[in-house]
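Here's the structure, in structure tokens; my notes come after.
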Amino acid sequence: MSETDALKHIRLVLVEPKQPGNIGSVARAMKNMGLSRLYLVNPADHTCGDARAMAHGSGDILYGATVVDSLAEALTGTSLVVGTSHRLRRGFNSLHPPSEAAKQLIALPPGMEGAIVFGREENGFTNDELHMCQMITRVPSAVLYPSLNLSQATVIYGYELFQAVHTAPEPTDRDLAPHDEIETMYGHIQVGLDKLGFVARHNPRTFMNSIRRIFDRTQLERRDVATIHQIFRQIDRFVSRHGIDTTSHTQIETEDEEL
């Protein structure tokens, strides 16, 4: 299998890129590193002259890009989502180097898809968008606040993926849960906690993000997601049969604002 074929299960996602030239440059970098699947979330015109000029020889990737309206749509069907960030934000798991992300993406079981996601040129991701990623990575730099453009970052991650094709272990046969099924699981957890009258001391969104952080430390299989659903279906049935006096549960609190 060629390196290009080995990378076909990996999509590269740009969130709301504003500069057509940046999109073209990313397409060119992808072509050089054997990547071929570009997803664009609410992009600028990616087929205009500036984009075509910067793409130079990678028009197939540029014109073949999948354009979607939301990051959630871009990630549908993926089993491992890698977000890129130059800094660790409070409440998120630790940052990993690109090499580690590449190894995990290459080691995905056959039939499973992965994604590397880049944020906006000016301000990156929102916290909600970053919480959609199971792994967060950072390119090490000699300066505190590095200034890599999208194409430079693409080359770095593409190179690590290209190298990982030759060094990663054989893919496992684990039945990893797709991104959309995991998001549905989180929704079920939130509804179940609401039915129980659970109230976190601080922002409820912060508590749910802490739950995400726990699960993001492992790659959930479909049976894991099914187990969580089974637990919360029992909660649903209990509340339906017996009811919950939410006024007596408003004092249920967590002890740590970030957990």
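The table that follows gives values for the structure above.
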read-out: Close pairs (7 angstrom Cβ cut-off, 6 or more residues apart or separate chains): small (G, A, S) in the range 8-34, in a strand (DSSP E or B) and surrounded by 22 or more Cβ atoms within 10 Å (Cβ to Cβ) anywhere; value: A27/L38
read-out: Failed criterion for V139 (all others in (1) among the β-branched types (V, I, T); (2) over 22 Å from L40 (Cβ atoms); (3) assigned to a loop (DSSP other than H, G, I, E, B) hold); value: (2)
read-out: Residue that is in contact (Cβ under 8 Å) with a residue 12 or more places away in the chain and under 20 Å from L148 (Cβ atoms), where the choices are A53, A102, A107; value: A102
read-out: The range 191-217, residues that are surrounded by fewer than 18 Cβ atoms within 10 Å (Cβ to Cβ) and modelled with pLDDT under 75; value: V199, R201, H202, N203, P204, R205
read-out: Residue in the range 42-71 that is surrounded by the most Cβ atoms within 10 Å (Cβ to Cβ), counting only those that are in contact with a helix residue (DSSP H, G or I) (Cβ under 7 Å, 6 or more places away or on another chain) and under 23 Å from A177 (Cα atoms); value: L71
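The values are calculated or read from the model by the stated rules, or taken from the named source; none is laboratory data. The structure presented is a predicted model; accordingly, all values stated were derived computationally and were not measured. Heads up, the Cβs are rebuilt from the backbone with ideal geometry, glycines too, and the neighbour counts pull from every protein chain shown.
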